[in-house]
Amino acid sequence: MGLSLALHVLSIIIWVGGMFFAYMILRPVAASQLEPAVRLKLWRGTFGSFFPWVWVAIVLTPLTGIMLTSPYNGFGNSPVHIHIMTTLGIIMMLIFMHVYFAPFKKLKQHLDAGDIPAAAGKLNQIRILVGINTLLGGLTVIVATAGKYYLL
Ligand code: HEM
């Protein structure tokens, strides 16, 4: 249980914290200081290094989460904040997989082909989706932690 909780929270810190840093800190600085071609290369490299960590997190999060339901004797008897956390977590995972297999893949293809405007369009899609996932991640952390005090 202790190890599961530690791995669960570590995975979330890496995933949600990484998105927060990318969206709130790096994005505005890169947008204000770098030309589109350089900026797109920076994001390609940044996502290329960050996304493998997200894959690890999205494998560990549900696995450890399921183990953490054992005190409740499984999902069926778990309180409502666990169900909300799981639902939001699944939505976040689906959004990430879409980002990875659709706009991120296209971003790399457009950059390899030297098509900067098309690559910029894909980066814009990733920006919106990572923004949504950052919000959902923050909301899920609130539900996961405060939820047990305020929800049934
Ligand atoms: C995807 C499936 C997930 C499952 C099955 C799951 C399940 C669980 C369970 C059973 C607990 C123990 C909570 C308790 O006993 O009150 C827990 C804790 C926690 N979960 Fe999740 N979770 C999932 C996803 C997420 C996501 C996506 C986040 C955040 C973005 C998250 C954040 C947390 C945090 C911060 C805790 C620690 C809460 C505390 O100890 O106060 N979980 N999770």
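Throughout, read-outs are computed from the coordinates displayed, never taken from laboratory work. The shown structure was predicted, so the numbers you read here are calculated from the model rather than taken from an experiment. Note that each Cβ is placed from the backbone with ideal geometry, even for glycine, and that neighbours are counted across all protein chains shown.
With 0.36 nm allotted per residue and the present C-alpha distance subtracted, the Ser32-Ala113 stretch has 26.7 nm of extension available.
From the helices alone, meaning DSSP H stretches of at least four residues, give me the mean residue ellipticity at 222 nm for the chain, per-run term -39500 (n - 2.57), in deg cm²/dmol to the nearest 500.
Helices in the chain give a 222 nm mean residue ellipticity of -28500 deg cm²/dmol.
Taking a point 7 Å out from the Cα of Met24 in the direction of its Cβ, the residues of the range 122-150 whose backbone N falls within less than 16 Å of it are 130-143. Highest mobility in the GNM of the chain, judged by mean-square fluctuation with C-alpha springs under 10 Å and restricted to Tyr100, Tyr72, Tyr23, is found for Tyr72.
So, in Å, what gap is there between the alpha-carbon centers of the range 95-152 and the range 1-29? If we compute the Cα centre of each part, the gap is 13 Å.
Express the Stokes-Einstein translational diffusion coefficient of the chain in µm² s⁻¹, to the nearest whole number, given a Kirkwood radius over alpha-carbon pairs, 4 °C and a viscosity of 1.567 mPa s. D, rounded to a whole number, is 78 µm²/s. Of the complete DSSP H runs in the chain, those spanning 24 angstrom or more by Cα along the long axis with a mean Kyte-Doolittle score not below -0.5 are 2-20, 36-68, 80-101, 116-150. With the simple model of a label 7 Å out from the Cα in the direction of the Cβ, Leu42 to Ala102 spans 2.7 nm. Taking label points 7 Å from Cα along the Cα-to-Cβ direction, Met67 and Leu10 give a separation of 1.1 nm.
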